[in-house]
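Taking it in order: structure first as C-alpha cells, then the write-up.
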Amino acid sequence: MMESLFLWELGTPKVYAIWLVVFVAQIAIAEINRRWNWTIFALWTIGGLAMMPYAAIHGTPMVGWFPFGKYAIMVATATMTGTLLVYGKRNPVKAHRYAIWLGVALWIGLAVNIMEANIRDITIFFEADNYYACGASAECLQSINDSRQGIDMINGLPETRGVTAPLHSPEWYQAVADNFKANHVGIDPATGFRTIGGYWNIMSAIAGVLNIITITGLGKIAITSEGKQKVRGLIWVDMVWPWVVAYDLWNHAFLYNALADYTWYCTLALLLACTIPAFTWAKGQWIWFRCFTLMFWIAANNLLPEILVPPAHMNNFATMNPVANIVCAAAALVFNIGLFIYWLYKIVKTRRNPITNNLYFELGEFRDIVRAHFDDKDKYFQTDMIPETPAELGFEPDSLQPPRDGYVGWMPWWNTDKRYEKPRTPLSADPGLVAKGVRTDLSWDA
C-alpha cells in the first residue's frame with residue numbers, strides 16, 4: 001500500500017523538486033508581466049497567437065480540443081487584462097470614469113471560468129457510472145490510448161503497478177481494467193483522466209455558484225496611483241481574503257473532482273502562486289496573478305503535452321479516496337456558504353451596492369491595500385458612494401478634504417451625480433462627464 005498525504009500519494013524527492021520549480025516559474029512569469037507590461041503582449045498576444053497553429057496541430061491529437069479552447073480563451077483574457085492596466089496608466093480619468101466596464105470585463109472572464117467548471121462538475125456526477133464502466137473495460141482503456149497520438153495515458157497510472165503481462169497486450173489492458181474495477185476508480189474516455197463521481201460534485205458546483213454571486217467591487221477597480229509604488233498594479237480592492245480563500249477552496253475541490261492526478265501542480269502550486277503574492281508584496285492584485293499564472297500553466301500544457309500530460313514520474317497521483325473528495329467539497333461549500341451569509345449581512349447592514357461599490361471597507365486587509373496603493377485622489381474615489389470618509393475608515397489621507405482635481409465615481413446609466421452627499425471632488429474634474437450633461441449639486445463640491 002502506497003503511503004499518502006491523504007489527498008495525494010507520498011511522492012519521491014523528484015516530485016517535490018519539480019513542484020517547487022513549477023511554483024517559482026508561475027510566480028516569476030506573472031511578476032515579470034506585472035513589472036514590464038510589454039512582455040504580456042510579446043509572450044501571450046504575439047507569442048500566443050503565433051503558437052496557436054502548433055498547439056492545434058501538435059497538442060490537440062494528444063489532449064483534445066477542450067484544452068486548446070482554454071488556451072485560446074486565456075490568450076484573449078491575458079491580452080485584455082494587460083490592455084486594461086496599460087490603458088489605466090495612460091488614461092487615468094477615463095479609467096476611473098469607466099471603472100465599472102473594466103470590472104465587468106474581468107467579472108465575465110472570471111464568472112465564465114467558474115461556470116464552465118461547475119458544468120463539468122455536474123457532468124461528472126451524471127457520467128460517473130460511465131466512467132467506472134470505462135475503467136473496468138480493457139477495450140475502453142485501449143481506445144483512450146489509441147485515440148491519442150504519441151501519448152500513453154494508461155501506463156504509469158497506479159492501476160498499472162504490479163501488472164506483469166506484456167505492455168499494451170490484451171492481457172495487460174485486462175489486468176489494468178481489473179485493478180480499476182477493484183479500486184472502484186473511473187476514467188473519463190474523453191480526457192483520459194482518472195475520476196470518481198458522487199454527490200461531492202454537486203456540493204462543489206453549489207460552492208462555485210455562490211463564489212460567482214459574492215464577487216464584489218466591480219465599479220471601484222483601479223490602478224496603483226502614480227508615485228505610490230515602484231510597480232503599478234491592477235488593484236481590485238474588494239477582492240479580499242474571505243473571497244480569495246473561498247475561491248481557492250472551491251477551485252481545488254472542483255479540480256480534485258475532475259483532474260485529481262494533476263492537482264499537485266494545477267491547484268496546490270497554481271493557487272498558492274497567486275494567493276501568496278496577493279497577501280504579501282502584491283496586495284489587492286490576486287486577479288492579476290491568477291490570470292498570468294493560469295496563462296502560463298495552460299500554455300505549457302498545450303505546447304508541451306508529451307511532458308506534462310501523460311502519467312509519469314513527475315506526477316504525484318491522487319489517492320482516489322472518496323473521503324478526500326468529500327472533505328474538499330465540504331470545505332469549499334461550507335466556506336462559500338459562510339461567505340455568502342457575510343456578503344448578505346454586509347449588504348443589509350451597510351446598504352451598499354456590491355457591484356458598483358466596494359463592500360468590505362472595514363476589513364483590515366482593505367485598509368492596508370488602500371494605504372499601500374492609493375493617493376488622496378483614489379482614496380476619495382473609493383469612498384465617494386458611502387457616508388464614511390477616508391479618515392474615518394483609517395485610510396490616512398493627506399488632507400481631510402477631497403482634492404478638486406481628483407476622480408469622479410460615475411455609472412454609465414446615471415444622468416445625475418449620485419455620489420454620497422458629502423464634500424467630494426467636483427464633477428468638473430472630469431470634463432467628459434460635463435460634456436455628457438451629467439447634473440450635479442455644486443453645494444457638495446470640495
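The values are calculated or read from the model by the stated rules, or taken from the named source; none is laboratory data. Computed from a prediction, not measured in an experiment: that's the story for all the values here. Methodologically, a virtual Cβ is constructed for each residue, glycine included, from the backbone with ideal geometry; neighbour enumeration extends over all protein chains shown. Side chains are part of the model used for accessible areas, which takes the heavy atoms of the whole protein and leaves out ligands, DNA and RNA. Shrake-Rupley method; radii C 1.70, N 1.55, O 1.52, S 1.80 Å.
Among the residues of segment 1-22 satisfying the criterion of being open to solvent by less than 30 Å² (accessible area, probe 1.4 Å) and part of a helix (DSSP H, G or I), which is nearest to residue 315 (Cα to Cα)?
15
Give me the residue from segment 23-40 that is open to solvent by 60 Å² or more (accessible area, probe 1.4 Å) and either in a helix (DSSP H, G or I) or touching a strand residue (DSSP E or B) at 6+ places or on another chain (Cβ under 7 Å) (or both) and, out of that set, farthest from residue 231 (Cα to Cα).
Top of the filtered list is 24.
Would you confirm whether any residue within segment 67-79 is open to solvent by 20 Å² or more (accessible area, probe 1.4 Å), under 18 Å from residue 109 (Cα atoms) and at pLDDT 95 or above? Before the answer, list the steps.
Step one: filter segment 67-79 for residues open to solvent by 20 Å² or more (accessible area, probe 1.4 Å), giving 67-70, 72-73, 76-77, 79.
Next cut, under 18 Å from residue 109 (Cα atoms) only: 67-70, 72-73, 76-77, 79.
If we keep only those that are at pLDDT 95 or above as well, we get 79.
Yes - at least one qualifying residue is present in segment 67-79.
Report the residue count in segment 166-186 for those that are open to solvent by 20 Å² or more (accessible area, probe 1.4 Å) and either assigned to a helix (DSSP H, G or I) or touching a residue at least 40 places away in the same chain (Cβ under 8 Å) (or both).
Here the count works out to 10.
Which of the helices (runs of 4 or more DSSP H) contained wholly in segment 256-358 include at least 2 residues that are surrounded by fewer than 21 Cβ atoms within 10 Å (Cβ to Cβ) and not assigned by the TED database to the domain that holds residue 20?
Numbers: elements: 270-279, 286-303, 305-308, 322-350.
Because the criterion is at least 2 residues that are surrounded by fewer than 21 Cβ atoms within 10 Å (Cβ to Cβ) and not assigned by the TED database to the domain that holds residue 20, the helices (runs of 4 or more DSSP H) in segment 256-358 that meet it are 322-350.
Any idea which of 365, 392, 421, 388 is of a type in the set (Asp, Glu), farther than 27 Å from residue 233 by Cβ and either without any contact (Cβ under 8 Å) to a residue 60 or more places away in the chain or surrounded by fewer than 21 Cβ atoms within 10 Å (Cβ to Cβ) (or both)?
Only one candidate qualifies: 421.
Name the single residue that is nearest to residue 34 (Cα to Cα) among those in segment 187-216 being touching a Pro at 6+ places or on another chain (Cβ under 7 Å) and crowded, with 24+ Cβ neighbours inside 10 Å.
My answer is 216.
Could you pull out the residue among 231, 163 that is under 32 Å from the mean Cα position of the chain (by Cα), farther than 24 Å from residue 245 by Cα, open to solvent by 10 Å² or more (accessible area, probe 1.4 Å) and among the hydrophobic types (A, V, I, L, M, F, W, C)?
231
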